[in-house]
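Before any comments, here is the structure.
The values are calculated or read from the model by the stated rules, or taken from the named source; none is laboratory data. Please read these numbers as outputs of a predicted model, since none were measured by experiment. Cβ placement follows ideal geometry from the backbone for every residue including glycine, while neighbour counts extend to all protein chains displayed.
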Amino acid sequence: MGSGPIDPKELLKGLDSFLTRDGEVKSVDGISKIFRLSICSSPSLMKEARKMVSRCTYLNIILQTRAPEVLVKFIDVGGYKLLNNWLTY
């Protein structure tokens, strides 16, 4: 992401294929792709979030997600550690 302002609506548009209409992560595969490297070796979306707007958007997506299997996968791929780093920065 560039150094300019981030529009949360644009960020959510980019994540649309991974999210339900209510804003929760659709699947275990979706959380993996959002969090870490995807098959095509693109950078991790969450790990690259440097601005507060992006971090708050990702945090709200996690808070909105209710499926236990998706949340367990988030923890398994290192999501808890990443959130801890963000909050202790």
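Working only within region 38-51, note down all residues that are surrounded by fewer than 13 Cβ atoms within 10 Å (Cβ to Cβ) and either at pLDDT 90 or above or more than 22 Å from Gly4 (Cβ to Cβ) (or both).
Answer for region 38-51, where residues must be surrounded by fewer than 13 Cβ atoms within 10 Å (Cβ to Cβ) and either at pLDDT 90 or above or more than 22 Å from Gly4 (Cβ to Cβ) (or both): Ile39, Cys40, Ser41.
Select from region 57-85 the residues that are exposed (fewer than 15 other Cβ atoms within 10 Å of the Cβ) and in a helix (DSSP H, G or I) and list them in ascending order.
Asn60, Leu63, Gln64, Pro68, Glu69, Val72, Ile75, Asp76, Tyr80, Lys81, Asn84, Asn85
Residues being of a type in the set (Ser, Thr, Tyr) and in a loop (DSSP other than H, G, I, E, B): count how many of those fall in region 4-24.
Count: 1.
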